[in-house]
Amino acid sequence: MPKGRQVDPESLREIQDLLGDAPRRRDLLIEHLHLIQDAFGHISARHVAALADEMRLAQAEVFEVATFYAHFDIVAEGESPPPAITVRVCDGLSCELNGAQSLAEGLRHTLGPDVRVIMAPCMGRCHHGPTAQVGKHHVDHATNHAVTDAIKDRQFEPLVPDYADIESYRAAGGYSVLEQCLDGRRSLDSVMATLEDAGLRGLGGAGFPPGRKWEIVRACPGPRLMTVNADEGEPGTFKDRFHLENNPHNVLEGMLIAAWAVEAEVVYFYLRDEYPAVRRILQKEIAALEHTGLAAHTRIELRRGAGAYICGEESAMIESIEGKRGLPRHRPPYAAQVGIFGRPTLVNNVETLYWVRDILEKGADWFASHGKNGAKGLRSYSVSGHVMEPGVKLAPAGLTARQLIEDHCGGMAPGHEFHAYLPGGASGGILPASMADLPLDFGVLERYGSFVGSHAVIVLSDKDDLRKVALNLMRFFEDESCGQCTPCRVGTEKAVRLMQAATWDEDLMGQLATAMTDASICGLGQAAANPLTSLLRYFPETLG
């Protein structure tokens with residue numbers, strides 16, 4: 001008998017029919033796995049074998065990728081597939097503060113064994129918590145009744161919101177800046193100078209000036225590539241979704257200007273799988289954009305992640321684009337020199353690209369004049385937690401958390417007193433309300449063991465148990481660790497166990513946090529201990 005799992009003809013025909021004329025390239029492995037998951041509701045062992053045969057890959061290569069990503073349901077031989085309907089309840093911090101756990105327990109009791117109810121990481125809808133996802137349909141401010149009704153009404157597809165399509169965008173002058181770049185009316189030097197004078201920073205979290213990054217990539221020998229990082233998985237962050245669901249062409253024009261600047265042959269738009277409505281928008285609008293000829297200087301490939309927070313890290317995202325597990329690379333070399341397929345690669349965040357067109361059209365002074373406390377420009381703050389009016393707030397860079405709450409969010413929610421806040425999402429640490437007058441800007445909060453990151457502000461009140469808050473965040477990091485390096489893989493698991501104790505061992509926790517911060521490969525492990533160290537430093541009364 002032949003050794004190993006054999007490919008049966010029926011499974012192979014199903015895979016061939018599913019893939020159709022699509023290329024069998026290795027970098028499309030994750031896209032092909034999505035096709036199987038969407039068609040059958042799971043990925044069986046027989047389909048893994050057939051896909052590997054069709055793509056001329058080892059079955060182990062396909063299996064290791066499929067099992068790395070949370071959104072692929074792998075069913076081994078002899079196992080029963082999951083129920084036809086899955087309800088995911090977000091257990092991100094903002095949703096948990098609004099009753100996500102009790103919602104999930106109630107749904108399991110109501111829906112019974114024919115519907116799978118599972119907890120899932122942040123879905124990027126923090127201001128609508130608790131959020132549940134039925135198929136690809138999101139139920140915001142979810143209740144048992146609302147989720148049950150969605151299932152009863154067969155609401156499994158995403159609800160696409162109203163947005164500015166290509167016709168309305170061009171009618172308002174959209175793509176005029178790109179046209180000026182393409183036909184020579186704007187020089188590359190003038191574009192770079194305007195972005196530099198405006199003080200635009202990279203708004204994915206690191207704050208590196210995009211114009212400088214463009215120069216570094218352009219100086220490298222071609223062919224050069226580009227990727228748009230739309231994998232905002234940081235709990236508390238949803239600004240990129242907001243921009244893509246409202247003004248996608250602002251982002252797309254900025255993307256095409258950047259591709260022109262670095263002469264990128266291909267642009268990979270990497271979108272997190274939790275945003276199915278955005279994917280529908282981009283599929284339609286990118287096709288319309290290509291039809292106009294405005295994107296003739298590059299090729300656009302829309303790729304979707306599959307449920308891995310680590311792929312928001314640029315090198316892990318590049319591995320995923322190549323059809324691999326999202327394991328961060330050691331640096332140097334950096335992506336600007338050695339990125340996708342070993343080529344120089346420009347990596348820009350969605351919000352960074354969103355501002356490019358407006359800055360070039362309205363001038364550097366327009367953008368720079370909006371900052372406060374020495375900062376320049378505008379920011380998209382994702383605000384959730386116990387405020388009257390959560391959501392994305394377009395406000396000056398450098399304003400304080402207190403100003404953000406009082407001037408842009410209508411103050412605290414009734415019955416809640418401002419007690420603490422997360423200035424930069426799950427990894428940005430937790431600061432007391434007494435420090436809410438510090439500017440929310442790059443380079444300001446680091447001395448306090450915190451950082452602003454992607455400007456995701458979660459507001460906590462006197463009603464919140466900070467130990468439970470920190471434990472929620474550490475469990476997230478434990479679950480999302482890629483497992484590549486021991487300090488992060490073991491450290492996050494060990495931290496969860498220590499944080500569950502009635503009394504915290506402060507010395508041991510401090511040593512663990514130092515090891516994770518100093519020795520982890522990427523930013524996930526390096527920042528995972530921030531919620532823990534914040535409580536040790538600023539909230540000693542909570543430690544037991």
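The values are calculated or read from the model by the stated rules, or taken from the named source; none is laboratory data. Just so you know, these numbers come straight off a predicted model, no measurement behind them. Quick reminder, even Gly has a Cβ in these numbers, built from the backbone with ideal geometry, and neighbours come from all protein chains shown. Side chains included, ligands, DNA and RNA excluded: accessible areas come from the protein's heavy atoms. Shrake-Rupley method; radii C 1.70, N 1.55, O 1.52, S 1.80 Å.
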Q. Could you give every pair whose Cβ atoms fall below 6 Å, whose first residue belongs to the stretch 385-404 and is modelled with pLDDT under 95, and whose second residue is of a type in the set (Val, Ile, Thr) and open to solvent by 20 Å² or more (accessible area, probe 1.4 Å), counting only separations of at least 6 or pairs across chains?
A. none
Q.
Every residue in the stretch 1-36 that is touching a Phe, Trp or Tyr at 6+ places or on another chain (Cβ under 9 Å), within 15 Å of residue 69 (Cα to Cα) and without any contact (Cβ under 8 Å) to a residue 60 or more places away in the chain, please.
A. 36
Q. Applying the selection to the stretch 174-215, what residues are open to solvent by less than 20 Å² (accessible area, probe 1.4 Å) and aromatic (Phe, Trp, Tyr)?
A. 175, 214
Q.
Which pairs turn up if I take residues in the stretch 205-220 that are without any contact (Cβ under 8 Å) to a residue 12 or more places away in the chain and look for partners that are of a type outside the set (D, E, K, R) with beta carbon separation below 7 Å, at least 6 apart in sequence or on another chain?
A. 208/202
Q) What residue, among those in the stretch 158-173 that are surrounded by fewer than 17 Cβ atoms within 10 Å (Cβ to Cβ) and within 21 Å of the chain's Cα centre (by Cα), is farthest from residue 251 (Cα to Cα)? A) 159
Q) Before we move on, is residue 467 open to solvent by less than 50 Å² (accessible area, probe 1.4 Å) and farther than 15 Å from residue 427 by Cα? A) yes
Q: Being outside any loop (DSSP other than H, G, I, E, B), open to solvent by less than 30 Å² (accessible area, probe 1.4 Å) and closer than 20 Å to residue 392 by Cα is the filter here, so list the residues in the stretch 407-438 that pass it.
A: 420, 421, 422, 423, 425, 426, 427, 428
Q: Identify the residue in the stretch 119-136 that is in contact with a helix residue (DSSP H, G or I) (Cβ under 7 Å, 6 or more places away or on another chain) and in a strand (DSSP E or B) and, among all such residues, is surrounded by the fewest Cβ atoms within 10 Å (Cβ to Cβ).
A: 119
Q: Out of the residues in the stretch 529-544 that are of a type in the set (Gly, Ala, Ser) and at pLDDT 95 or above, state the one that is nearest to residue 308 (Cα to Cα).
A: 529
Q: Output the helices (runs of 4 or more DSSP H) that fall wholly within the stretch 34-112 and possess 3 or more residues being farther than 26 Å from residue 126 by Cβ, or say none.
A: 45-55, 59-68
